[in-house]
Amino acid sequence: MGQIDPTALALCTVFPFLSIIAVIARFRARALKRVKLGADDWVVLPALLFSVGNAGNIFYGAIKADLGQHIGLDSEGFAVNGPKLVALEKMTYVTPIIGSLALGCARWSVLLLYNRIFGLGRFRYPVYVMSALNLGWTISFAFVFIFRCFPISEVWTSQQGQRKHCIGIESNYAYAVSSVVLDVLVLSMPWPMIWRMRLDLKTKVATTGIFMLGAIVTAAGIGKCYAFYTVGRLIAENHDLTYDEAPLFYWTVPECSLAVICACLPILRPIVHGITASSLFGSVRNLVTPKSLRSVKSNKSLVSEQSAV
C-alpha cells in the first residue's frame, strides 16, 4: 500500500461525516418538535447507508489500488495486470451499483416528503408517477450494473477491451445523464403549486428556495457527466487508469452524500430559524387547502393558468 491520495482521504471522510450528521439532526429535529416520523424519514436511512458505503468503496480503491496516483504501465503502454488493477476493477464494479441505490433512495425520500406536504388534490398524482419512474430507474440500473458481465468475475479478471461478455460503457453514460434529468424533474415539481398561490414575492421565493436546495446534487451530477467525457478522452490517449479515472469516482462521493444531506435540509431549516417542523408543514399545506385554492381562483389569470396544468 502506497501513500493515499489526499483528495480521496478528504472526500471520503468529510462528506460521509456531514451526511451522518444531517440524518442524526433530522431525527433529532423530529423528536424535539414532536413530529411523527414518516416514510420519508425512514427511507433516508438506506440512502445514508449506501452513501457511506460508496465513500468506503472509493477509499478502498485509494488504499488497495492507489486511486488518484499513477499506475505502472507495460512496454506497450497498458496498465500492468496485478493486484492493484484487480482492486481498481472491483471498486469500479461496485461504485455504480451502490451509487444508483443511494441516489434512488434519497430521491424517493424527497418525493415522500412532497407527498407528505402537498398530498392534497392533483399534485399527488405527479408524485406517484415520478416515484414509479424513480423506482424503475433505481432497480433497472442496479440490475444492469450487477450483471454487466457474464460471469461477473470477468469485470476484474479481464482487462477493458478484452471482455467478450460485458455491456459497453454506454450504460454508464445513460446512468449519469438520466440521473441528472430525474433530479431536475423532481426539483421542479413544487414550483407550479407554490407560484400559483396568492403570496407575496418574498414568500414565494423563500418557499421555493426550501425545495431548491437539491440543486447542488444536480450540480454534482453534471460534474460527474463532465468527468465521464474527460476520462473517456484521457483513457483513449493513455492507460494510466488509477490516475485518469480518479475524478470520475471522486465525483460520486459528494453526489451521493449531498443527496442525503439535501433530503434532510428542508427538515433542519425550521430548527435553524426557530420554527417548528409541524408549523412548516402546516404553512405549506395551507397553500394547497381548498380555501387557498378558492382564493387563487378569484384571480382570473391564475385560473386560466391552473386549468392548463
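Taking the condition of being of a type in the set (A, V, I, L, M, F, W, C) and surrounded by 16 or more Cβ atoms within 10 Å (Cβ to Cβ), how many residues in region 1-24 meet it? Total satisfying the criteria: 8. Scanning region 5-25 for residues that are more than 20 Å from A65 (Cβ to Cβ) and among the β-branched types (V, I, T) turns up V14, I20, I21, V23, I24.
Out of S75, S51, report the one residue that is at pLDDT below 85, among the hydroxyl-bearing types (S, T, Y) and either within 22 Å of G214 (Cβ to Cβ) or more than 20 Å from the chain's Cα centre (by Cα) (or both).
Result: S75 is the single residue among S75, S51 that is at pLDDT below 85, among the hydroxyl-bearing types (S, T, Y) and either within 22 Å of G214 (Cβ to Cβ) or more than 20 Å from the chain's Cα centre (by Cα) (or both).
Within this structure, A246 passes the test of being under 21 Å from F50 (Cα atoms) and either at pLDDT 75 or above or hydrophobic (A, V, I, L, M, F, W, C) (or both). Residues in region 214-230 that are farther than 30 Å from L241 by Cα and buried (at least 19 other Cβ atoms within 10 Å of the Cβ): G214 only. Just name the residue that is modelled with the lowest pLDDT out of those in region 184-212 that are in a loop (DSSP other than H, G, I, E, B) and either within 18 Å of the chain's Cα centre (by Cα) or closer than 21 Å to A106 by Cα (or both). Out of the qualifying residues, it is M212. Can you find a residue in region 18-30 that is out of contact with any Asp or Glu (no Cβ under 6 Å at 6 or more places or on another chain), free of Cβ contacts under 8 Å to residues at least 12 places away in the same chain and among the β-branched types (V, I, T)? Looking through region 18-30, at least one residue is out of contact with any Asp or Glu (no Cβ under 6 Å at 6 or more places or on another chain), free of Cβ contacts under 8 Å to residues at least 12 places away in the same chain and among the β-branched types (V, I, T). Out of the residues in region 137-183 meeting the condition of being among the acidic types (D, E) and under 22 Å from the mean Cα position of the chain (by Cα), tell me which one is modelled with the highest pLDDT. Checked region 137-183; the qualifying residue modelled with the highest pLDDT is D183. The set of residues in region 171-187 being more than 14 Å from C262 (Cβ to Cβ) and without any contact (Cβ under 8 Å) to a residue 60 or more places away in the chain consists of S171, Y173, A174, A176, V177, S178, V180, V181, L185.
Within the span defined as region 58-71, one or more residues are in contact with an Asp or Glu (Cβ under 7 Å, 6 or more places away or on another chain), of a type in the set (A, V, I, L, M), modelled with pLDDT under 90 and surrounded by 15 or more Cβ atoms within 10 Å (Cβ to Cβ).
For region 35-55, a residue qualifies if it is within 16 Å of R116 (Cα to Cα) and touching a residue at least 12 places away in the same chain (Cβ under 8 Å), and the qualifying residues are V35, G38, A39, D40, D41, V43, V44.
The values are calculated or read from the model by the stated rules, or taken from the named source; none is laboratory data. In this text the structure is predicted, and so the values were computed from the model without any measurement. Methodologically, a virtual Cβ is constructed for each residue, glycine included, from the backbone with ideal geometry; neighbour enumeration extends over all protein chains shown.
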